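Read through the structure below, which is laid out as C-alpha cells, and then see the notes.
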Amino acid sequence: MSDRRDFIGTALGAFAGLGALGALYAAKRTWDPLPSVKAAGFTTVDVSKAEENVLYTEMWRGKPVFILKVPKDAKPDEAPNGRDENAYEDPRLIKIGNDKFLVAIGLCTHLGCIPEYFAANKKFICACHGGQFNAAGEVLKAPPPSPLVIPPFKIVGTQLILGEEGPEYKQLKAQGLVA
Amino acid sequence: MAHFDPNARPFSHKWLNERLAIDTLKRVLSTEYWIPKNINFLWAMGMVLAVTFGLLLLSGIFLLMYYIPDTKQAFDSVNYTIMQEVGFGWLWRHIHAVAASVVFLIIYIHMFTGIYYGSYKRGRELIWISGMLLFVTFSAEAFSGYMLPWGQMSYWAGMVITNLFSMGSLEWNWLVEWIRGDYVPGQAFLGRFFMLHVLLLPLVIIGLIIFHFGTLRIPHVNNQDGEEIDFEAEAEKWKAGKRKEAKVIPFNPVFLSKDVFVLGVYFIFFFYLVFYHYQFAMDPINFDPADPLKTPPHIYPEWYFLWSYEILRPFPKDPGLIAFGFAQVIFFFLPFLDRSPNVAPANRRRPFRCWFWLLLIDMVALTILGKLPPVGIYTTLGTIFAWLFIILWIALPFITKREKLVGGKK
C-alpha cells in the first residue's frame, strides 16, 4: 500500500518537476534579447569615403564607435606620460585597403564619458577627468586605466561590420590588444 | 460538521465566530501575542517599517495609473503628466521618493538595533535571516524603481549596476545582455524592471514580511537586557490581573498604543520631508532624460547603497567585485559568526562593544566617502575603511569566542 503511494507521489513529483523545468526554460527564453534586438546589433559602415584625420562616430549597440583614418604622421603634440610615439605604427590599428583605421568604442575607459578628437593635436581628450588617448586609442594621460576598447568587427572589402568577429579581430584579441 | 446556530443573525458576532473563529484569531494574533515590557522606542521600528511599506504601496498605486513604461514616454509621463497634470500627482511622487529613501534609514536603525541587543542569537536566527532577505529584496525594489523615470541617472545607474554581472575578468557579457534583454538598457530592460518593480518584487516582499512575522512568533521579541522570559508564565500573571508583576504586555492594545505614538512622531518627520525637503530624494541629474551618448560626470548611487559602493571602488576590478560581493552577503552570516552565547546589549559585551561601534562608524564613514570623488586623501581613506569593514567581519568569530559569560540579566 505504502509502496503504491510512494510510487504515485514520486511520479507526481517527477511530472511536476519536468513541468517546472520546462516553465523555467520558457521564462529564461522570454528574458533573452529579441531577434529584432539581436539583428540591430550589427552595424555596417563603408569606410571607402572616409577622409584622413577626420573622426566619424557611428552608433553600434547604443554606444558610439569612433572610426578614424589615421594619417601617416599621427604623433601627438604632447604626451604627459611620455608615450609620444607615432600612432600610425600602433599594432591596434586596422588595415582596410591601403589605409590604417582606428576602430574603437568611443567611451573613456575611466568612467564612460565620450572623449573629443582634436585633429591638430592628433589626440583624444576626455572632458570629464582629463584623460587623453592618441590616435590609436592608447592612453597618453591617466585616469583611464586602459586603451579605448576595440569592438568585434569584420572586414568585407571596404566595409566594416561591427558586431561580428572577423579573422583580423580574432588576431587582435589573441594578442590581447582589443581592450 | 461543525455546529451552526440556525438563529444566529447573519454577520452578527456569533454568526461570524462560527464561520471564521474571529475571537480565536483576534486572541492569537493580537490580544494574546505577548511583548516584553522591558523595551524602548527602537522596538517600534518594525511597525514604522510596515507602515512605510504601506505608504509606498499606496502612493505607488496612484503613480501606476499614469506611468508609461516606454523609453520614449516614461520620462514625460513622470515629469510632465504626473508632476504637472495629475491632481496631487506631485504628492504621490514625493511620498514615494521620500519613503523609498527613509525606509532604508529605518531598516538600518532596525538592523543595528538587532545587532546591538543580540536579537539574532540562538532561536532568533531566522528572524535575522528573513530580515536580511527583506533588505536585499528592498534593495532590488529600490533599484528597479530608480530605473522607471528613465532619466540620466536611471539609465547610467542601470548600465553600471547591470555591468557588475559581467563578473570582472570572467567577462560574462552574455549574462549582462540577458539581464538587459539588449546590448544596452533599452525597451526590453525598462519593461522587465517595470514588471519587477510593480509586481514580482512587491509580492516577494509581502511574502517575506509575513515570514518575518512568523519567525518572531515562537522566540518572541528580544528585550533590553537579553533576558530569557518565560512568556507563558508571565502571560498567566497578566491574565490573572497581576499586570504590574507581569514582565509582558499584550501586543494589542498595550504595545500597539506605544507603536502608534512612535508612528505619530515619525510621521511628523516624514511629512516634513515630503512637503518641505523632498529634493534630497530626487537627484537633479535624473531630471535630464536618458541619453545613451552622454554619461553624467559623476555616477553615484542613492545614499543607502553608498557604503557598499565605496567598498567596491578603492580596489582594482576583480578584488573590488569580490569585496563588494562579500559586503552584500556577510550580514546574513551574523548569527553564526558571533560565537558568544551571550544575549546582552553590546555595551555589556567586551570587546564586542568596540566591534559594534567600529562597524557603525565604519559604515557611516564609507557612506560619506562614497559620495565624495575618488581623489587624493579620499581614496586613501576609502581603502582604509573598506579594509576595516572586511577585517571586522573576519575578526568577529575570534573576538566573540573569547567573550566572558555575562548572563542575561544585569
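All of the numbers you see were taken from the coordinates with simple rules; none came from a lab. Quick caveat: nothing in here was measured; it's all calculated off a predicted structure. Backbone-built Cβ (ideal geometry, glycine too); neighbour counts: all protein chains shown.
Listing for the model above:
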{"read-out": "Max mean-square fluctuation residue, GNM over chain B, Cα-Cα springs under 10 Å, options B:88, B:11, B:333", "value": "B:11"}
{"read-out": "Karplus (6.51, -1.76, 1.60) ³J(HN,Hα), θ = phi - 60°, over the range A:102-109, in Hz, Gly and Pro reported as x", "value": "8, 10, 8, 5, x, 10, 4, 6"}
{"read-out": "Rounded to whole Hz, the Karplus (6.51, -1.76, 1.60) HN-Hα couplings of the range A:133-149, x for glycine and proline", "value": "10, 7, 5, 9, x, 7, 6, 10, 8, 5, x, x, x, 8, x, 4, 7"}
{"read-out": "Kirkwood Rh in Å, taken over the protein assembly as shown so that all alpha-carbon pairs contribute", "value": "28.3"}
{"read-out": "Rel. contact order, % - alpha carbon contacts under 8 angstrom, at least six apart, the range B:304-410", "value": "43"}
{"read-out": "Residue B:151 long-range amide H proximity, modeled H, under 5 Å", "value": "B:290"}
{"read-out": "Sequence-distant residues sharing a close amide H with residue A:65 (under 5 Å, placed H)", "value": "A:58, A:59, A:60, A:106"}
{"read-out": "Calculated [θ] (222 nm, deg cm²/dmol) that DSSP helices of n ≥ 4 give over the protein assembly as shown, each run adding -39,500 (n - 2.57)", "value": "-15000 deg cm²/dmol"}
{"read-out": "Cut-off under 5 Å, modelled amide H: who pairs with residue B:339 long-range", "value": "B:400, B:401"}
{"read-out": "Those Cys residues of the protein assembly as shown for which no other cysteine Cβ falls under 4.7 Å", "value": "B:354"}
{"read-out": "Added length on full extension, which subtracts the Cα-Cα distance from 0.36 nm per residue, residue A:21 to residue A:56", "value": "7.8 nm"}
{"read-out": "Partners for residue A:49 among lysines (Cα-Cα distance below 19 Å; same-chain residues under 8 apart left out)", "value": "A:69, A:72, A:95, A:100, A:154"}
{"read-out": "Restricting the range B:70-142 to trypsin sites (Lys or Arg not before Pro) in coil, as DSSP defines it, with at most 14 other Cβ within 10 Å", "value": "B:72, B:122"}
{"read-out": "Rough spin-label spacing in nm, given labels placed 7 Å along Cα→Cβ, for residue A:159 and residue B:58", "value": "6.1"}
{"read-out": "At R0 = 25 Å, FRET efficiency that the Cβ-Cβ distance of residue B:357 and residue B:383 yields, to 0.05", "value": "0.75"}
{"read-out": "Reachable lysines, given that their alpha-carbon falls under 22 Å from the alpha-carbon of residue A:28 and they are not under 8 places away in the same chain", "value": "A:38"}
{"read-out": "Of the DSSP H helices in chain B, those whose Cα atoms cover at least 27 Å axially and whose Kyte score averages -1.0 or more", "value": "B:45-64, B:89-117, B:125-147, B:256-276, B:352-371, B:377-401"}
{"read-out": "Relative contact order for chain B, counting Cα pairs under 8 Å that sit 6 or more residues apart, in percent", "value": "23"}
{"read-out": "Rounded to whole Å, sorted largest first: equivalent-ellipsoid semi-axes of the range B:40-299, Cα gyration tensor", "value": "41, 22, 14"}
